[in-house]
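Here the structure is laid out as structure tokens; the discussion comes afterwards.
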């Protein structure tokens with residue numbers, strides 16, 4: 001019987017923190033490939049022609065919190081990112097293309113609707129959490145971005161390029177999963193390209209690890225062909241940005257006047273473990289600078305727990 005997926009993601013670094021809970025509904029009735037509108041396929045990624053499609057829908061709620069590096073001063077900081085909270089509800093549609101019951105491509109679309117500003121509750125959540133764990137509170141929240149409705153649409157495509165057995169017993173495999181994507185809206189406008197290389201057991205269980213929020217609920221989808229599976233992974237993603245509300249200055253929205261970088265990206269590595277109906281993954285991310293005033297590289301970790309039920 002098809003299973004739903006519920007997942008909880010949490011990631012944190014010195015400049016930001018994100019938390020998201022998502023639910024991907026049981027798969028809808030599989031349909032023949034010819035009855036689904038065809039999106040362009042890049043054959044040089046090694047994708048064979050699919051013969052059926054599994055469709056899923058998902059919903060998520062999340063909150064992203066952003067602060068400058070120095071959180072001990074109540075004064076405005078003009079050469080670092082502004083304080084900002086972003087709370088949203090996401091609605092996703094997912095297509096899993098299969099060939100002889102082997103998943104070969106994942107297309108995910110998501111619409112995020114929410115608010116950026118004091119109404120997002122970033123100050124309340126961060127300072128109360130800091131109080132709970134005995135950490136100094138952030139003093140500059142009076143300077144956060146003003147309230148503004150936020151809407152963003154995202155698309156991502158991931159390919160399965162084939163699994164190659166390294167050791168027959170215990171079934172050690174390696175594969176590479178390229179991806180392309182993009183977003184458009186009043187929060188972010190960008191295009192992206194990236195990929196993951198993986199080594200482990202039973203790699204057909206998923207399309208690689210989920211990216212830290214904001215990302216697509218579909219990326220948490222997995223199956224459990226055996227009671228236990230695992231893999232190590234390393235990957236990259238590059239982005240070309242045309243707009244970022246959380247960095248770009250607008251007279252009606254507040255915030256410092258920063259020189260945003262057009263090109264940015266990150267590299268990541270981690271471990272995923274699948275045990276029966278659970279998948280636990282940890283990802284360590286190293287991200288390139290997003291603006292020129294603070295030419296620093298950020299590092300942070302992300303933990304994701306997904307449950308099939």
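When 190, 196, 83 are arranged by Cβ crowding within 10 Å, least crowded first, meaning fewest neighbours, the order is 190, 196, 83. In the calculated pair-distance distribution of segment 113-216, the portion above 19 angstrom amounts to 64 percent of the Cα-Cα pairs.
Sorting 86, 141, 230 by the number of Cβ atoms found within 10 Å of their own Cβ, with the fewest placed first, yields 230, 141, 86. Packing, taken as the mean count of other beta carbons within 10 Å per residue, orders the peptides 273-283, 68-78 from highest to lowest as 273-283, 68-78.
Every number here is computed from the coordinates shown, using simple stated rules; none is lab data. The shown structure was predicted, so the numbers you read here are calculated from the model rather than taken from an experiment. All Cβ positions, glycine included, derive from the backbone under ideal geometry; neighbour counts span all protein chains shown.
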